[in-house]
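Throughout, read-outs are computed from the coordinates displayed, never taken from laboratory work. Everything numeric here is computed off the predicted structure, so don't read it as measured data. No Cβ is skipped: glycine too gets one built from the backbone with ideal geometry, and neighbour counts run over all protein chains shown.
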């Protein structure tokens, strides 16, 4: 058990990046709060009471974002107990996660993992975070997502997943009236929340906050680092009926005609990344012929539209079982250069700009061989950076395929 001075304890920065210290988690579904077999518990009304203690964490939705359907995994790294008069705080790490903490911190301290003590672990965590933390009693600055603390949390989360550590799985089925969710009845302690996505290989560490008798309620704003994509085909004969200038999920074309396609996506939250890989994978029916010379990529924010220069992306045909792949090796570099208005002194930018990619294909003679078919499918998925430490060459995540049909 580790005992530390309470004033230093309260100074722990509760970053909006990856660790959650006991608080009330929102309206969601949960699995066991300790760490055994994962089991989801749905929670009507946006609030769940675990009946473990007096702490609570509220997860606040981003503007225009619904938390319904999202999944979170909660890990309690340490339990925290305050002395009667707040003169000291005792930390005890959760045995199931002790080896993860010792491995990551030991590597950073250049010492054997088994020699890392509770005291050293807590002291190291506090030493990384010298900006704002939930529960701090002194005025502090907002922690930047590029901080060493953010990277540390990502390392912990990655190791938890690599070792297949179980946590409390939370599936948001309902929210409170304000769109937020709350997790009541938590023990005081350090928690990590990991947002789980349906996208392959993705996770998003959330926020670190401390909850104890001095700060029993904490609020964090969740962020989703992974993007989504939709694909559209342009109907040429019934634009007025369809609306949106004919962009639709299906369209009717004759052999020899040019078929316009469009991808719609948005710039993800790239704060915390030095570079950001972003690629479109496209699978076309053999009855469709891709024209690489028609590719055009635009990034826009309502005030400005930037036409991405062809030198800033690569078109690779017949790779990985796809018809073609269009890759932007560093989307972050482009967006930060062309849309710097939201950049703060910590080099964090405001993202969410719209990305539109257009290209043409031709319905070829292969279509005549399958006249009885219901249509010729064309599918797209995104591949994107999913490791803030990787400088663009680490692990990537993928979205599900999105498909349109040409008749």
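Once the C-beta distance of residue 164 and residue 71 is scaled by a Förster radius of 22 Å, the resulting FRET efficiency is 0.85 to the nearest 0.05. With neighbours defined as other Cβ atoms within 10 Å of a residue's Cβ, the residues 182, 262 order from fewest to most as 262, 182. Round to a whole angstrom and tell me the spacing of the C-alpha centers of the range 169-185 and the range 313-351. Using only Cα atoms to place each centre, the spacing works out to 33 Å. A crude spin-label estimate for the pair residue 176 and residue 344, with each label 7 Å from Cα along the Cβ direction, gives 2.4 nm. Full extension of the segment from residue 337 to residue 230, taken as 0.36 nm per residue of separation minus the current Cα-Cα distance, would add 35.9 nm.
The slack in the chain from residue 296 to residue 127, taken as 0.36 nm per residue of separation less the alpha-carbon distance, amounts to 56.1 nm.
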